[in-house]
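Here is the structure we will look at, set down as structure tokens.
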Amino acid sequence: MPETKLIDGYPYVKYEKPVLSDAKSIALSQSFYEIMDTRRSVREFSDQVVPREVIENIIKTASTAPSGAHKQPWTFCVIGNPEIKKQIRIAAEEEEYASYESRMSDEWLNDLKPLGTDWKKPFLEIAPYLIVVFRRIYEFGPEGKKKNNYYVQESVGLAGGFLLAAIHNAGLVSLTHTPSPMNFLTKLLERPENEKPFLLIPVGYPAEDCWVPDLDRKELAEIAKFY
């Protein structure tokens, strides 16, 4: 059992993490980078079944993300039911059609051309699971009184990043899909008023014949400044 004590009346546990050698730390950081550098957004999914335990572990990993005042302002809704996935696809494609036909600027549409996207989203039915991440704006306290959550957008964004890393680490693929607006997800999944949809992520294995755009990531010098 970890050592515990009270600080200002609150319980604390002693945190211990072994200090690695420089060589070991460099090797681990390089290895993890190489793993994550193979991550790609995928739009061609297999319908191969994914064990539910894998999905549960992925979500538990996402829940280890830091959050404002440790409020953990997120809900992960996992959809495997074919009928609900079909309803989500229909509603998402309605919004996407409107976006591609009238909401997006010409510049935006041109920027999307190399990715080969359009308003059709068959992967929402093909992927064995959809994970909808909701951000919890507030909580309900005693007698229904609202209790604030803090830095909700940032906290849920961090959890989303952990989620994508966990999906990739488990040998699966994903796509961060954000049809706008996404209010239809609140209605279809019967979520309470304090929850707002943040990300819609299909999860599964890639299709046998899966192609992704040939893209380059920015070099370190373009994204980092050392002072």
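The values are calculated or read from the model by the stated rules, or taken from the named source; none is laboratory data. None of the values given here were measured: they were computed from a predicted structure. Here the Cβ is made from the backbone with ideal geometry for all residues, glycine too, and neighbour counts use every protein chain on show. When the accessible area is computed, the model is the full protein with side chains, heavy atoms only, and any ligands, DNA or RNA have been set aside. Shrake-Rupley method; radii C 1.70, N 1.55, O 1.52, S 1.80 Å.
Please go through segment 51-85 and pick out each residue that is among the charged types (D, E, K, R) and out of contact with any Leu (no Cβ under 8 Å at 6 or more places or on another chain). Before you say what the answer is, go through the steps one by one.
Within segment 51-85, the subset among the charged types (D, E, K, R) is 52-53, 56, 60, 71, 83, 85.
Passing the criteria: ARG52, GLU53, GLU56, LYS60, LYS71, GLU83.
Any idea which residue in segment 73-97 is surrounded by the fewest Cβ atoms within 10 Å (Cβ to Cβ), counting only those that are in a strand (DSSP E or B) and of a type in the set (Phe, Trp, Tyr)?
PHE76
Residues of segment 186-227 being open to solvent by 60 Å² or more (accessible area, probe 1.4 Å) and of a type in the set (Asp, Glu), which ones?
GLU190, GLU193, GLU208, ASP209, ASP214, ASP216, GLU219, GLU222
Could you tell me whether segment 98-107 includes any residue that is over 22 Å from LEU172 (Cα atoms), over 19 Å from the mean Cα position of the chain (by Cα), open to solvent by less than 70 Å² (accessible area, probe 1.4 Å) and in contact (Cβ under 8 Å) with a residue 24 or more places away in the chain?
Yes - at least one qualifying residue is present in segment 98-107.
Can you tell me which residue is most open to solvent (accessible area, probe 1.4 Å) among those in segment 43-67 that are in a loop (DSSP other than H, G, I, E, B) and within 14 Å of ALA159 (Cα to Cα)? Write out each step before concluding.
Kept after step one, since they are in a loop (DSSP other than H, G, I, E, B), are these residues of segment 43-67: 43-44, 46-51, 63-67.
With within 14 Å of ALA159 (Cα to Cα) added as a condition, the list becomes 63-67.
On the way: SER63: 46, THR64: 93, ALA65: 6, PRO66: 73, SER67: 24 Å².
Residue satisfying both the conditions and the ranking: THR64.
I'd like the residue in segment 8-42 that is in a loop (DSSP other than H, G, I, E, B) and among the aliphatic types (A, V, I, L, M) and, out of all such residues, is surrounded by the fewest Cβ atoms within 10 Å (Cβ to Cβ).
The residue in question is VAL19.
With respect to ASN183, determine if the residue is open to solvent by 100 Å² or more (accessible area, probe 1.4 Å) and either of a type in the set (Lys, Arg) or touching a residue at least 60 places away in the same chain (Cβ under 8 Å) (or both).
It is false that ASN183 is open to solvent by 100 Å² or more (accessible area, probe 1.4 Å) and either of a type in the set (Lys, Arg) or touching a residue at least 60 places away in the same chain (Cβ under 8 Å) (or both).
Could you check segment 117-146 and list, in sequence order, the residues that are at pLDDT below 95 and open to solvent by less than 60 Å² (accessible area, probe 1.4 Å)?
Matches in segment 117-146: THR117, GLY141, GLY144.
Does segment 153-180 hold any residues that are open to solvent by less than 20 Å² (accessible area, probe 1.4 Å) and either modelled with pLDDT of 95 or more or at positive phi (or both), and which are they?
SER155, VAL156, ALA159, GLY160, LEU163, ALA166, ILE167, LEU172, SER174, LEU175
Yes or no: ASN149 over 26 Å from ASP209 (Cβ atoms) and either among the basic types (Lys, Arg) or surrounded by 12 or more Cβ atoms within 10 Å (Cβ to Cβ) (or both)?
Criteria met by ASN149.
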